[in-house]
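The values are calculated or read from the model by the stated rules, or taken from the named source; none is laboratory data. Note that the structure is predicted; figures quoted are calculated from it, not measured. Every residue, glycine among them, receives a Cβ derived from its backbone with ideal geometry; neighbour counts consider all protein chains shown. Side chains are part of the model used for accessible areas, which takes the heavy atoms of the whole protein and leaves out ligands, DNA and RNA. Shrake-Rupley method; radii C 1.70, N 1.55, O 1.52, S 1.80 Å.
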Amino acid sequence: MKRFAPSARILFAIGTATGALVAAAPALAQDATVAPNEEIVVTAQKREQTLLEIPQSISVVNAERLERQQATSFVDYAALVPGLSLQQANPGETRVVLRGINTGGASPTTAIYIDETPFGPSTGQSNGAILAGDVDPFDLERVEVLRGPQGTLYGANSLGGVVKFVTVAPKLGKFEGRVQAGVETVTDGDMGWNGNAVLNVPIGKIAALRVSGFYREQGGFIDTLGIDRDNFNDLTSYGGRASLLVQPSDTLSVRLTALAQNIRADGRAAFDADPVTLKPQATDPTTGASTEGRLTRTQYYPDKNDVDYRNYNGTLDWDLGFASLVSATSYSTTIQHEVTDSSYELAGIGDAFFGNVGTPGPRGITLPATVSSKKFTQEVRLASPSSTTIEWLVGGYYTREEGRIFQRYLPFALDTGESLDPTLTLPVGPGGANVTFPDFVRAELDSVYREYAGFGSVTVHIGPRFDITGGARYSHNEQRTRQLLDGALLPLSGSPIGPDITNGKSDENVFTWSVSPRFELSDHTSLYARVAKGYRPGGPNVVPPGAGSAFPGFFEADTLISYEAGIRGETADRSFALDASLYYLDWSNIQVLVVYQTGIGPIGADGNGDSARSQGAEITATLRPTRGFDVVANIAYNDATLREDLPAGNGGFAGDRLPYAPEWTANLSADYEWGVGGGATAFVGGNVRLISDQEADFDDAYRTQFGRRQGIDGFATVDLRAGARFGRFNVTAFAKNLGNSRGLTSVGSVGSRPGTLVSASPIRPRTLGVTLGADF
């Protein structure tokens, strides 16, 4: 996360028998409801195609699978997709990692789409890496996950791939609705509940409106020390979608969609842990009292994290005969309001500068921050009809994004939590004259990102079973930033009295491409290969006062070339399916945090390292031995490492694994559904998920102190579910994380918690619940 962080000195951290195989993309592998002759249709290549026609690695998880497995967040989706891992340190803050492509930092390596709309900030100037968008899955049609770089059709930030949420379109001539409600309880925590509803209303013969809403409350399970709060990390998420479809003819349609979602977290979903074992702290660091094995976090000022998504899209689809014209216009906003108790990260500062302010007592520092982005996009493309000879697509893309980060550092009384006046009067003027500063630190970063791109692809069918798809994209981006730093800490650190204002700019031209041959071994099995390039924009750097002429004013784009081969197929009766792929990713000029020596001490800023590589294999096998019974197994192996040492001060060396990229992940899912008479059905099912050991972010301070990288132990989870449908009514009971595993999704850096403790974010403990639903 990019932040302006003073710490003593100002720091800106600102595959087999070819005719008999099924390589159903994980869509097939994970969709128990697929009829024997039904094809899965996806839009991965920006035209409707069946999975067998896609010459690249793709997973699709449909709505029924999401609902049956109670997948309500990104953490749940990750269990269903090979090669997808997450770093989640706080509700509403999620870093998505595909095939291990991650070095930390604030810029995303995976592109997120909602239908035709790119979602979230494109750059680290608005913390795009961790504000990926934890979109609620209610009334989604499916989630498509494209692995490997997608620079040709999806552009910037798709180094690792694309996660695409496809919403349910309004249905013409059909009135329907659905309601759902549920309750759950978490071990050693509070109760939670949810309610959802959707309504589809036809408007005459040519239009329809679909409206859905959801509300979820998840109970907390971590207690605070200092402030005495039980289960403080509760979470509320609520919002909805509205979509209007107007289709005056078979050749013309217009769809308008609006999405809103609010996430409200009353505290970080993280506990204080031993830096070596990552077990919960055993004693209260202030009183020495035993914590009795509970998950606890020391905190003297209430943390919070509020994240709001707004997304508006208008899509025109016009069949002109010789080609189809698609115009997609969108406007979206992401706003995060976060408050963090930074008393331990900034140890001593509160007492040193505000010890005489207000009532006597120890002082702490809190960090309130607002991060926002406003994003306009326009894409126009023309695509030929389906053909057995040549198919083509050409398009243009434009985006303009405004980003802003606003932060202050404010004092408070540790013993009471009372906020204190941050005004300081210091003798730092001419001749020792007093100067009054209304802020201790005030930091602002305003940015504008513009991108223009032209792209195209063509598929040439060489005979009835062999085709080659090639594509290219030329992108130009321009970035401008204005940063301001002001407050008493500037002269206290030896810098001139502020405000210190720095303007930055950068311009880049990037060419990306892809080539994908595909050969059909039979009507149900195909082989494919793919070579493709992706990129991530560079940009202006955050430059601190006194940085000197050697401090870089900008950092460069990084690029990735992927080499992949795979097989996808299925038996004619769909009783067995197999999807397998091998890949090698060559990542150059990787973006990392670089520490520079300046006149005011070491400064962390965005920069570039040398190279990294990721290689591995993914396989999904589906077995349907009898009607209603399906077993899905997926396993992914990933070896993602640095090829060269990172710049000094980063803590990364050649051969180190990339952060949050487990070597092995696996998921085994089984479901059985049968009739119980009177038209009613019942089902039982379960999942076993395994994640191997992984490494946390590069952390030079941790490596210096403990002589190694911070590692996270692997873990396993077991989920069970059972339910029944009686006509229009259904009920599902579930148990998630049945063994109450304390697996971790993120570990913070050393020095930010009491003593040598670190912040550790766990998966949710054992959760039991029941959901009721009705259709009408």
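Structure notes:
- Pair list, Cβ under 6 Å, 6 or more apart: the stretch 305-324 residue among the basic types (Lys, Arg), other residue open to solvent by 30 Å² or more (accessible area, probe 1.4 Å): ARG310/ALA260
- Evaluated against (1) surrounded by 17 or more Cβ atoms within 10 Å (Cβ to Cβ); (2) within 24 Å of PHE715 (Cβ to Cβ); (3) basic (Lys, Arg), LYS279 falls short on exactly one condition, (1).
- Candidates TYR474, TYR449, filtered to the one that is modelled with pLDDT of 90 or more, closer than 18 Å to PHE554 by Cβ and either aromatic (Phe, Trp, Tyr) or assigned to a helix (DSSP H, G or I) (or both): TYR449
- Restricting the stretch 642-658 to residues that are open to solvent by less than 40 Å² (accessible area, probe 1.4 Å) and at pLDDT 95 or above, the residue that is nearest to ALA78 (Cα to Cα): LEU658
- The stretch 720-758, residues that are assigned to a strand (DSSP E or B), within 22 Å of ILE222 (Cα to Cα) and among the charged types (D, E, K, R): LYS736
- When the stretch 759-776 is limited to residues that are more than 21 Å from the chain's Cα centre (by Cα) and part of a loop (DSSP other than H, G, I, E, B), the one that is modelled with the lowest pLDDT turns out to be PHE776.
- Taking the stretch 547-570 as the range and being surrounded by fewer than 24 Cβ atoms within 10 Å (Cβ to Cβ), within 28 Å of GLU478 (Cβ to Cβ) and not aliphatic (A, V, I, L, M) as the test, the residues that pass are GLY548, SER549, PHE551, PRO552, GLY553, PHE554, PHE555, GLU556, THR559.
- Of all the numbered requirements in (1) at pLDDT 95 or above; (2) under 15 Å from LEU278 (Cβ atoms); (3) exposed (fewer than 15 other Cβ atoms within 10 Å of the Cβ), PHE706 misses one, and that requirement is (1).
- Filtering the stretch 221-241 to residues that are surrounded by 17 or more Cβ atoms within 10 Å (Cβ to Cβ) and closer than 27 Å to PHE165 by Cβ leaves ASN233, ASP234, LEU235, SER237, TYR238, GLY239, GLY240, ARG241.
- Of the numbered criteria (1) outside any loop (DSSP other than H, G, I, E, B); (2) of a type outside the set (Asp, Glu); (3) at pLDDT 85 or above, the one ALA89 fails is (3).
- Top-ranked residue in the stretch 253-276 [being more than 18 Å from the chain's Cα centre (by Cα) and open to solvent by 30 Å² or more (accessible area, probe 1.4 Å); ranked as nearest to SER752 (Cα to Cα)]: ASP274
- Restricted to the stretch 271-342, the set of strands (runs of 3 or more DSSP E) holding at least 3 residues that are polar (S, T, N, Q) comprises 296-299, 304-319, 324-341.
- Residue under evaluation THR425, criteria (1) of a type in the set (S, T, N, Q); (2) crowded, with 18+ Cβ neighbours inside 10 Å; (3) out of contact with any helix residue (DSSP H, G or I) (no Cβ under 9 Å at 6 or more places or on another chain); (4) under 30 Å from GLY487 (Cα atoms), criterion not met: (2)
- Against the list (1) touching a Ser or Thr at 6+ places or on another chain (Cβ under 7 Å); (2) surrounded by fewer than 17 Cβ atoms within 10 Å (Cβ to Cβ), the condition ALA661 fails is (2).
- When each of GLY604, GLY678 is tested for being open to solvent by 30 Å² or more (accessible area, probe 1.4 Å) and either within 28 Å of the chain's Cα centre (by Cα) or modelled with pLDDT under 95 (or both), the lone residue that passes is GLY678.
- Considering residues of the stretch 608-641 that are out of contact with any Lys or Arg (no Cβ under 8 Å at 6 or more places or on another chain) and closer than 24 Å to THR704 by Cβ only, the residue least open to solvent (accessible area, probe 1.4 Å): GLY609
- Residue satisfying condition, being under 27 Å from the mean Cα position of the chain (by Cα) and among the acidic types (Asp, Glu), within set ASP223, ASP284, ASP230, ASP250: ASP223
- Of the candidates ASP573, ASP507, ASP486, the single residue that is acidic (Asp, Glu), within 26 Å of PHE406 (Cα to Cα) and surrounded by fewer than 16 Cβ atoms within 10 Å (Cβ to Cβ) is ASP507.
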